[in-house]
Amino acid sequence: MPSQAAAGKIITFYSYKGGTGRSMAVANVAWLLASRGRRVLAIDWDLEAPGLHRYFEPFLTDKSLENSTGLIDFALEFAAAAVSRGRTQTQPDWYLDFANILAHATPVTWEFPKSGVLHLVPAGRQDAAYAVRVNSFD
Amino acid sequence: MAQQITGEIGLQYEEIPCNAELHARLKETNKKRVPTVLISDPSSWTNPTIKKVMEDYDDKYYLNCGIVVPWDVSSPSADDRWRYLSTELCPQKTRVPPLNHEWTSISSPGLLKTKTLATVEEIRMRMLNNIAASGGDIARAEDDTLAEAAQARGISVHTAPIVGNISKSEAP
């Protein structure tokens with residue numbers, strides 16, 4: 001468990017409609033912060049129209065994200081574990097294995113100065129069932 | 001293909017042979033809420049064992065179960081096969097197809113994979129939502145230390161965050 005001092009700062013980019021340059025701003029700010037030696041985790045919360053990964057595409061190993069999990073997969077795995085009958089419910093820390101968002105982070109492969117790093121958590125695996133997962137998840 | 005699909009989405013895979021035991025296995029998977037997809041090859045429908053299985057399946061309705069059929073619409077026997085399916089094998093399930101029953105919509109190997117994947121996920125989501133809606137056996141993630149740490153940073157952990165317009169009186 002990270003200490004309080006190690007906890008990062010969360011910055012949310014929000015807009016009331018699409019096409020305003022929100023993802024571009026996120027990508028650029030994330031890159032600038034990493035270039036200044038920060039450890040940056042960019043998360044694509046735009047589940048209905050994910051596109052943040054496109055800005056980082058040249059630096060991703062799995063460019064189309066067909067084999068990379070993301071936010072919706074994280075939520076689904078957690079939900080599945082929460083309703084699983086096989087899990088021992090008496091264990092208070094049952095959720096820790098499913099609460100690690102970094103398990104779904106993919107590195108942006110670039111050597112940033114000052115030991116900066118940038119990782120991306122995409123909206124989710126971009127396969128034929130992505131829309132099913134997003135639209136059906138309650 | 002089924003093994004590949006389930007592996008990609010992190011599910012376990014088990015193959016169920018299509019024989020006289022199938023109905024019992026479907027009943028079991030339904031009880032255990034396991035997403036189950038039947039892959040049915042039209043060229044096998046005249047086999048007496050398969051025919052009986054399909055006829056039996058027509059009478060059963062399981063929310064955890066779907067069916068995908070590779071369908072060659074250009075085949076000279078396509079019309080005959082449809083007639084056979086819709087009048088003898090599965091008249092009920094072809095007249096009003098239940099959810100996730102893809103009788104004639106899969107016309108290529110690529111579609112077979114994507115439709116099978118979507119079918120598995122739709123069933124999985126339906127199972128998850130059903131369990132959640134039943135309000136029964138759901139574990140919660142509760143940790144006093146985390147809650148206190150969040151509270152200290154001004155994050156409420158007792159109610160879901162509300163996203164909406166800020167009224168003028170609330171705006172800074």
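For the reader, a short list of remarks on this structure follows.
- Put simply, of A:Leu65, A:Leu33 the only residue that is surrounded by 18 or more Cβ atoms within 10 Å (Cβ to Cβ), modelled with pLDDT of 90 or more and part of a loop (DSSP other than H, G, I, E, B) is A:Leu65.
- Scoring A:Ala49 on the criteria (1) surrounded by fewer than 16 Cβ atoms within 10 Å (Cβ to Cβ); (2) at pLDDT 95 or above; (3) not β-branched (Val, Ile, Thr) leaves a single failure, condition (2).
- Number of positions in the stretch A:92-134 that are more than 14 Å from chain B (Cβ to nearest Cβ), part of a helix (DSSP H, G or I) and not polar (S, T, N, Q): 3
Residue by residue, here is whether (1) of a type in the set (Ser, Thr, Tyr); (2) in contact with a Ser or Thr (Cβ under 6 Å, 6 or more places away or on another chain) holds:
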residue	(1), (2)
B:Gln4	no, no
B:Gly10	no, no
B:Arg25	no, no
B:Asn30	no, no
B:Thr36	yes, yes
B:Ser40	yes, no
B:Ser44	yes, no
B:Pro48	no, no
B:Asp59	no, no
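The values are calculated or read from the model by the stated rules, or taken from the named source; none is laboratory data. Not measured: the values here are computed from a predicted model. FYI the Cβ positions are ideal-geometry reconstructions off the backbone, even for glycines, and counts take in every protein chain you see.
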